[in-house]
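Trainee: Here's a structure for you.
The values are calculated or read from the model by the stated rules, or taken from the named source; none is laboratory data. These numbers were taken from a predicted model, which means no experiment stands behind them. Please note: Cβ atoms are built from the backbone with ideal geometry, for glycine as well, and neighbour counts cover all protein chains shown. Note: accessible area is taken over every heavy atom of the protein model, side chains too, but ligands, DNA and RNA are not part of it. Shrake-Rupley method; radii C 1.70, N 1.55, O 1.52, S 1.80 Å.
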Amino acid sequence: MLKNSLYLGDRSSHNHGQCKGSDRSLREVIRMTDDLAGNTPRQAFNLGTFANTTRFIRESVGTLDSADVYKVKFARSSYTVISLINLRSDVDIATLDSRGRQLQLLDNPGRQSELAYGFTPAGTYYIKVFSADNRNSGYRLTVHSVVVPAAQLPSNQTRSQMFMGNGLTQGVPQPGTAIRSIDRLRSRLRNDDQFSTANNLGLFANRTINVRDVIGGRDASDIYRIKVTDDSHAVISLTGLRGEAGFVTYNSNLQRIAVFDNLGRQNELAFGDTVPGTYYIQVFSTSNQETSYRLTVHTSELP
């Protein structure tokens, strides 16, 4: 993995008080007090519709309950991450299409975590978590999805791309005036838009944070600092835009890594594998027009 292969960064103190407008409404934790997830798609526990959504499920499988099946629906084409962590024995994942046909098997040996990610066409899918060694184990299943901007949709999208865990397509910034926009932006920054006063989003290890704020007019940009504690697959998205906005990622030395600046009010999306370290995310307005936004940062530890 390359240090600058993505856009993210280093460790920082766990201080959420500096975060403006933090919003956890789309981060749902589901603790199953009863075994509501059956062993087949017909008996699946419905996790609902996903659109810029993250949900965590804590459950267990083993000798008496060999498998749990979950149903998910993606309203629009999405970039999806599934992770399975906190294992005490060998537990694996299979992803299935709407007819219950297997798309992919994730079967790392022993107690290793499982991780899958990729572009997912709209539709219904199933996630099957099962014991590979018939031993009891708890687990935490995370499903994170971000609606993909039209400019970043793959041209040959097929259902077989669902949750492809091997290989990686980086979130690539679109060509255009992005770099010039950033250069113009620097001349308009206020004192509180500097890296030294960045909003600290804290430590990231198998975590999702949503932040709501507004930029534009006199407030040219907002800067956030994050610290990634482990080798991780990371996803950054910028949604809920009323005007044109984008973001830039920097490493701990404040060197620019990538610019994400789709035209108009399109969402912005970046993803890829990243190494531990401190990173900065600068959300900026490409004009003087004020716009609200929701910034979401998600990381899943690599097995």
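Trainee: Could you tell me which residue out of Ala234, Tyr280, Leu263 lies farthest along the dipole of region 220-303 toward its positive end? Charges go on the beta carbon: Lys and Arg +1, Asp and Glu -1, centred on the Cα centre.
Mentor: Of Ala234, Tyr280, Leu263, it is Leu263.
Trainee: Share of region 216-263's accessible area from carbon and sulfur, percent, 1.4 Å?
Mentor: Exposed carbon and sulfur together represent 40 percent of the surface.
Trainee: Please get the size of the charge dipole for region 187-265, origin at its Cα centre, with Cβ charges of +1 on Lys and Arg and -1 on Asp and Glu, quoted in debye to the nearest 20.
Mentor: That gives region 187-265 a dipole magnitude of about 140 debye.
Trainee: Rounding to the nearest 20 debye, state how big the charge dipole of region 38-149 is about its Cα centre with +1 on each Lys and Arg Cβ and -1 on each Asp and Glu Cβ.
Mentor: Using only the charged Cβ atoms, the result is roughly 360 debye.
Trainee: Rg (Å, one decimal) plus Dmax (Å, integer) for the alpha carbons of region 38-142?
Mentor: Every Cα atom of region 38-142 included, Rg and Dmax give 12.9, 37 Å.
Trainee: Tell me which trypsin sites (Lys or Arg not before Pro) from region 213-296 have a DSSP coil assignment and no more than 16 other beta carbons within 10 Å of their own.
Mentor: Filter output for region 213-296: Arg218, Arg242, Arg265.
Trainee: Which residues does the label zone of Arg88 cover in region 111-143, counting backbone N under 17 Å from a point 7 Å along Cα→Cβ?
Mentor: Counting backbone N atoms under 17 Å from the label point, the list is 111-113, 130-141.
Trainee: Counting Lys and Arg as +1 and Asp and Glu as -1, what is the net charge of the other residues whose Cβ lies under 11 Å from the Cβ of Leu115?
Mentor: With Lys, Arg at +1 and Asp, Glu at -1, the net is -4.
Trainee: Under the rule a/c < 1.5 gives rounded, and otherwise a/b versus b/c splits prolate from oblate, where does region 196-303 land using the Cα gyration tensor?
Mentor: Judged from the Cα gyration tensor, region 196-303 comes out prolate (a/c at least 1.5, a/b above b/c).
Trainee: Pop a pseudo-label 7 angstrom from the Cα along the beta-carbon direction at both Arg76 and Thr40 and give the gap in nm to one decimal.
Mentor: Going by the 7 Å Cα→Cβ label model, 3.6 nm.
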